[in-house]
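The values are calculated or read from the model by the stated rules, or taken from the named source; none is laboratory data. Quick caveat, the model's predicted, so the values are computed rather than measured. Please note: Cβ atoms are built from the backbone with ideal geometry, for glycine as well, and neighbour counts cover all protein chains shown.
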Amino acid sequence: MERVNRAPGAVKKDTVPEGVGAAVGVLHGLGYCQNDINPTIIMFSARDDDTPALIDYDSARPTGDKLFKGGTPGWKDGDELHFSREENDFRALRALDDYLTQATTSTGEY
């Protein structure tokens, strides 16, 4: 989120959802869902590196498990997430793509 706020045109819009989506695919393959994907849990290893890394897995749970917490306001459907579901992650990935599209195109720099 900091990188987008600092220099929206510097973020390669397609790289972030692609990389985060790949990480989510690995989690799903292991039988887990992240349940709280949003821009504040995505980091980069360097200023000039566009490879995203997911951090903060405290909401990650096995698929189908009841959630005790999950989702960031504005990045989830409804008031609360109740179960760990792949759809939670897919919806958040769509919201992330929308967020990056809006941020990078509103500056006229992308």
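Things worth noting here:
- Applying the condition of being closer than 22 Å to Pro73 by Cβ and in contact with a strand residue (DSSP E or B) (Cβ under 6 Å, 6 or more places away or on another chain) to region 1-40 and asking which residue is modelled with the highest pLDDT yields Val20.
- A residue that is more than 15 Å from the chain's Cα centre (by Cα), among the small types (Gly, Ala, Ser) and outside any loop (DSSP other than H, G, I, E, B) occurs somewhere in region 8-23.
- Just one of (1) of a type in the set (A, V, I, L, M); (2) surrounded by 15 or more Cβ atoms within 10 Å (Cβ to Cβ); (3) at pLDDT below 90 fails for Ala46. It is (2).
- Taking every residue in region 34-54 that is in contact (Cβ under 8 Å) with a residue 60 or more places away in the chain and pairing it with any residue that is hydroxyl-bearing (Ser, Thr, Tyr), at least 6 positions away or on another chain, the pairs with Cβ-Cβ distances below 7 Å are Pro39/Tyr99.
- When Gly74, Gly64 are checked against the criterion of being small (Gly, Ala, Ser), closer than 25 Å to Lys12 by Cα and assigned to a loop (DSSP other than H, G, I, E, B), Gly74 stands alone in meeting it.
- Single match in Ala53, Ala92 (criterion: assigned to a helix (DSSP H, G or I) and either modelled with pLDDT of 75 or more or surrounded by fewer than 14 Cβ atoms within 10 Å (Cβ to Cβ) (or both)): Ala92
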